[in-house]
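Have a look at the structure below, then the notes.
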């Protein structure tokens, strides 16, 4: 088998691919031909770059190797094996066309809106399927210097944490060395306590209880901490933690039901319109 690199060599030398007719042959392997139009389609803007010659030559070499291997495979594989492969190719092609069409059909018809009420109802009916694989918690903390003169009021506001308290804490936030006040977010305990320089379960396990306030002090700083809620491993997950999963499950169920109906309808319509007939 021989690879013939034809008139394209001039273009490679100039590092540019000039536009020409789509019939210009760039390379040949046996009865397989590579045309300039294919290079333009595949490489696009790369053809005008400074290293276009290298890019083009690499593409040609890759194409040639593929054709050589394909010819060798066809020559050396027996007829039965080739028949099996052709069957797989046809099956793959059919599956690819059908799947792509179904996805486009669904995209135009499926209702992607899932309301909170629907999510809550599904969760309530299936909550035993959504158990935690690890502990989770919600909490908040403020890190202050030991010399901070607002410690008492900050302590009180962090524990009570009503709207007025949140406004107050926000107004003096520049006094905090660090803080995390978004206690609606569920976190792994390791993630939360690592901010308090306590990374191992042994160092924070005794604090991990719902509705608990505590303080941690080191040589420079005071940590004021409130644990809002704790969910343990094997307990039912908080709905907010799995809401995106619930929504996706419900959407997938809708799509599956629509596809089942689609399969039933397409056969019924084909019979009705005399497109599909089954003979005895």
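If you go through the stretch 156-197 one residue at a time, how many are farther than 30 Å from residue 237 by Cα and touching a residue at least 40 places away in the same chain (Cβ under 8 Å)?
Number of matching residues: 1.
Would you check if residue 81 is out of contact with any strand residue (DSSP E or B) (no Cβ under 7 Å at 6 or more places or on another chain), surrounded by fewer than 11 Cβ atoms within 10 Å (Cβ to Cβ) and without any contact (Cβ under 8 Å) to a residue 60 or more places away in the chain?
no
Matching residues to (1) assigned by TED's automatic domain parsing to the domain that holds residue 25; (2) surrounded by 10 or more Cβ atoms within 10 Å (Cβ to Cβ); (3) touching a helix residue (DSSP H, G or I) at 6+ places or on another chain (Cβ under 8 Å):
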residue: 63; (1), (2), (3): yes, yes, no
residue: 67; (1), (2), (3): yes, yes, no
residue: 102; (1), (2), (3): no, yes, yes
residue: 105; (1), (2), (3): no, yes, yes
residue: 113; (1), (2), (3): no, no, no
residue: 125; (1), (2), (3): no, no, no
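Whether any residue in the stretch 115-126 is within 21 Å of the chain's Cα centre (by Cα) and outside any helix (DSSP H, G or I) is what I want to check.
no
Within the stretch 217-227, identify whether any single residue is touching a strand residue (DSSP E or B) at 6+ places or on another chain (Cβ under 9 Å) and under 28 Å from residue 128 (Cα atoms), and answer yes or no.
Yes, there is a match, as at least one residue in the stretch 217-227 is touching a strand residue (DSSP E or B) at 6+ places or on another chain (Cβ under 9 Å) and under 28 Å from residue 128 (Cα atoms).
What number goes with the only condition from (1) closer than 30 Å to residue 253 by Cβ; (2) touching a residue at least 24 places away in the same chain (Cβ under 8 Å); (3) surrounded by 10 or more Cβ atoms within 10 Å (Cβ to Cβ) that residue 52 does not pass?
Going through the list (1) closer than 30 Å to residue 253 by Cβ; (2) touching a residue at least 24 places away in the same chain (Cβ under 8 Å); (3) surrounded by 10 or more Cβ atoms within 10 Å (Cβ to Cβ), residue 52 breaks only (1).
Given (1) under 30 Å from residue 182 (Cα atoms); (2) touching a residue at least 40 places away in the same chain (Cβ under 8 Å); (3) part of a helix (DSSP H, G or I), where does residue 105 come up short, assuming only one miss?
(1)
Kindly provide the set of residues from the stretch 216-231 that are more than 10 Å from residue 144 (Cα to Cα) and either touching a residue at least 40 places away in the same chain (Cβ under 8 Å) or buried (at least 19 other Cβ atoms within 10 Å of the Cβ) (or both), ordered by number.
The answer is 225, 226, 227, 228, 229, 230, 231.
Among the residues of the stretch 192-205, which ones are surrounded by fewer than 18 Cβ atoms within 10 Å (Cβ to Cβ) and in contact with a strand residue (DSSP E or B) (Cβ under 9 Å, 6 or more places away or on another chain)?
Scanning the stretch 192-205 gives 195, 197.
The values are calculated or read from the model by the stated rules, or taken from the named source; none is laboratory data. Given the structure is predicted, the values throughout are model-derived calculations rather than measurements. Because the Cβ atoms are built from the backbone with ideal geometry, glycine has one as well, and the counts that use them run over all protein chains shown.
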